[in-house]
Amino acid sequence: MVADEVSETAIQSACSVVGAGLSHSFPGTATLFLDLDFVLLPSQITGVCGPSGCGKSTLLSILAGWETPKTGTVKRDGVRHVGWVFQNPHGVAARTALDHVVFPLLAAGLLRAEAEPEAMRIMSLFALGEIAQRPFSALSGGEAQRLMLARAVAAKPDLLLVDEPTAQLDVTTAATVNSVLGSIAASGAIVVIATHDQGTRTVCDQVIDLGLPQARVKGARLTR
Amino acid sequence: MRARSVISEAGRNLACGTSKPLLFALLVAVLSGVLAVADVSAIARVDAAAVRFQAAAASMRGIAAERRIDAASCDALARLSTIAASGALSTGEVLRLDAAPMTQFHTYRVSPGFGSLLGVGGATTDGVWVEAELAAALGLQAGMTVPTERGDLTVAALYRWPNDGRDARLGFSILIPESASEPFDECWMSSWPVLPSNDDLLLSTAYVIPGSNAALQVVPLNKNLGRDYDANAEFTSRVTSEARWFALLAGVALAVVAVSRRRMEYAAALHAGQDRTSQLLTVLLETLVWAGAGALTGTVTCLLAARLSGVTDWYTTWLVTVRCPVLAFIGALLGSAGAILCIKERLLFRYFRNR
Ligand SMILES: Nc1ncnc2c1ncn2[C@@H]1O[C@H](COP(=O)(O)OP(=O)(O)OP(=O)(O)O)[C@@H](O)[C@H]1O
Ligand SMILES: [Mg+2]
């Protein structure tokens, strides 16, 4: 099924991300999290959960190396390409949905003739086959959100950071996305999802719960 | 990224209007075209002044040294590449025509080369040259024979010598060319552009007489215009002489705008794994098309302007002013390259952080 199809595209790599004693706060905010320890491994989905404003996106940016934590360290081993799917979809208005997914494949050295069928395959995983030829500007919010996921998957990241992937989706589409996220992880990538969607949470192998009072006090409780 | 992919991505961005090629081509065409046409018209003004200057014989200069000018040397000046025409002149005796015995006409003895100064260079020296207004008053035409107190004279040619501030002596006069070996009084030359170094050549046509220390002075033949007109300085100091650098700046600025309005797209492309070289090449290719189309339009505009402006040398005028569109084009390429190299993947992150 879906998992097998995705695994064809993924890079099998022995990589890991280890967070130790992570704490962060911005000037003017309370401590967002304190003394977080976790290990992220390939083929695992880690959920970062908690209410709005608790620091989920901030933790993702620390994992990506774009933000430096106040204390603690993040050790990325063997992570060559980090893919980030932002909370808000963004794209080139006049280019087609297909073009957006083809692009990372071209960047990786494929020719368009090779990249198009591959991009179509990835898009169909996200139920985007129908809208492949539509310009980005004509996509609905949910379609654009899934397109961003498809594009990120096409870039074959070792570490895929996904911010609120199901926020704009209905229950059925969210379920599709959740199952595809599972398959992406199964193909050997480290997947981290910031979410407050219960459905997404169930596909996670582990959850860093920033909403729990303990997370703010000392360490996050890792639930399995 | 493969070269074919770079080309196809650039092509798609152009075709679907992502890079707004029509708008930017139009802006390049208008900006560089306006600057180039302004330069053409400034050059046309300088040119018209130069034409007026030459038409008023203001580009002629002469020396006067009684019975000290070697006519052969004076005529020979015209063979130099910097001197257009030259000839020697001496005041002759007054002449009466049989038809008007009461009137005395001024005559001048001139060397054969003198005709080139008057535009009658090809005319035969077998006969006299009559000033056009005088000829009209007497009803004379080239080829006619006039009985005079010195016998029959043939009118070999007519020359124009309007009263516009130039040395008035040749107006209403008759010139008698002769290949005399005896010294003349004056040597005149006409050169364009007027070069100070030619003055020394002119002075060299006078015999040096030991003991005569009266310094010879080179004077312009038209005292109204000829004093301190420097066509070269007029040209280099024209208002639009720096227009091409503004065109370069305009090209750079347009390209920077073209890249920075798409900065999120470029940052996302880097995030999607595109290498900097292929990103640079894609951007340059797109710029090549819109800036090229714009600059080409500017070039044609400038060519038409040069041809229609009526300048003496439209081709050189075009070569000078076409630098505006050419530099706008180069500026656009440089601006694109510079701007795209400033795009950082981090931009994407910062953008989404700051929303
Ligand atoms: N650069 C910054 N400077 C100051 N405060 C910031 C900065 N970035 C984020 N914050 C604050 O830190 C807190 C956590 O922000 P973050 O975006 O990580 O929340 P989140 O858990 O992703 O929320 P949401 O579910 O709404 O996306 C918020 O209160 C936010 O206002
Ligand atoms: Mg967030």
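By the Cβ distance rule of under 4.7 Å, chain B has these cysteines without a partner: B:C16, B:C302, B:C324, B:C342. In the context of the full set of protein chains, chain B has a per residue accessible area of 49 Å² (1.4 Å probe).
The dipole here belongs to chain B: it is taken about the Cα centre, uses +1 on the Cβ of Lys and Arg and -1 on the Cβ of Asp and Glu, and is about 3120 debye.
Between B:R4 and A:A14, the distance separating the two model label sites (each 7 Å from Cα on the Cα→Cβ line) works out to 3.7 nm.
In region B:1-28, what residues drop by 10 Å² or more in accessible surface going from the chain by itself to the full protein assembly, probe 1.4 Å? Residues shielded by partner chains are B:M1, B:R2, B:R4, B:S5, B:S8, B:E9, B:R12, B:N13, B:C16, B:T18.
Taken along the Cα-to-beta-carbon direction at a fixed 7 Å, the label points for B:E66 and B:T277 span 8.5 nm. Shape summary: region B:58-224 maps onto an equivalent ellipsoid whose semi-axes, from the alpha-carbon gyration tensor, are 28, 17, 14 Å in decreasing order.
Summarising the strand pairing of the protein assembly as shown, around 60 percent of its internal DSSP beta bridges are antiparallel. Take every DSSP beta bridge whose two residues both sit in chain B; close to 75 percent of them are antiparallel.
Under the convention that each Lys and Arg Cβ holds +1 and each Asp and Glu Cβ holds -1, the size of the dipole of the protein assembly as shown around its Cα centre is about 2460 debye.
What dipole magnitude, in Debye to the nearest 20, does chain A give about its Cα centre under +1 on Lys/Arg Cβ and -1 on Asp/Glu Cβ?
560
Seen from A:G141, the other residues with C-beta closer than 13 Å to its C-beta sum to a net charge of -2, counting Lys and Arg as +1 and Asp and Glu as -1. Compared with its chain on its own, region A:97-139 contains the following residues whose accessible area drops by 20 Å² or more in the full protein assembly (probe 1.4 Å; ligands, DNA and RNA excluded): A:F103, A:L106, A:A107, A:G109, A:L111, A:R112.
Ignoring aspartates and glutamates fewer than eight residues from B:K20 along the same chain, the ones with Cα atoms less than 16 angstrom from its Cα are B:E9, B:E265, B:E286.
Tell me the total accessible area that B and A bury against each other, 1.4 angstrom probe, in square angstrom rounded to 100.
The contact between A and B buries close to 2400 Å².
Projecting the Cα atoms of B:A168, B:A48, B:V94 onto the charge dipole of chain B (Cβ charges, centred on the Cα centre) puts B:A48 farthest toward the positive pole. Residue separation of B:R353 and B:A253 scaled by 0.36 nm, minus their Cα-Cα distance, works out to 33.2 nm of gained length. Taking every DSSP beta bridge that has both ends in region B:58-224, the antiparallel portion is near 75%. Span-like helix check, chain A: qualifying full DSSP H segments, with Cα axial length of 15 Å or more and mean Kyte-Doolittle of -1.0 or more, are A:97-107, A:112-125, A:141-154, A:171-186. Taking only protein heavy atoms and a 1.4 Å probe, the accessible area of region B:58-224 is 52% carbon and sulfur.
The values are calculated or read from the model by the stated rules, or taken from the named source; none is laboratory data. No experiment lies behind these values; they were computed from the predicted model shown. Glycine also receives a Cβ, built like all others from the backbone with ideal geometry; neighbour counts cover every protein chain displayed. With ligands, DNA and RNA removed, areas are computed over all heavy atoms of the protein, side chains included. Shrake-Rupley method; radii C 1.70, N 1.55, O 1.52, S 1.80 Å.
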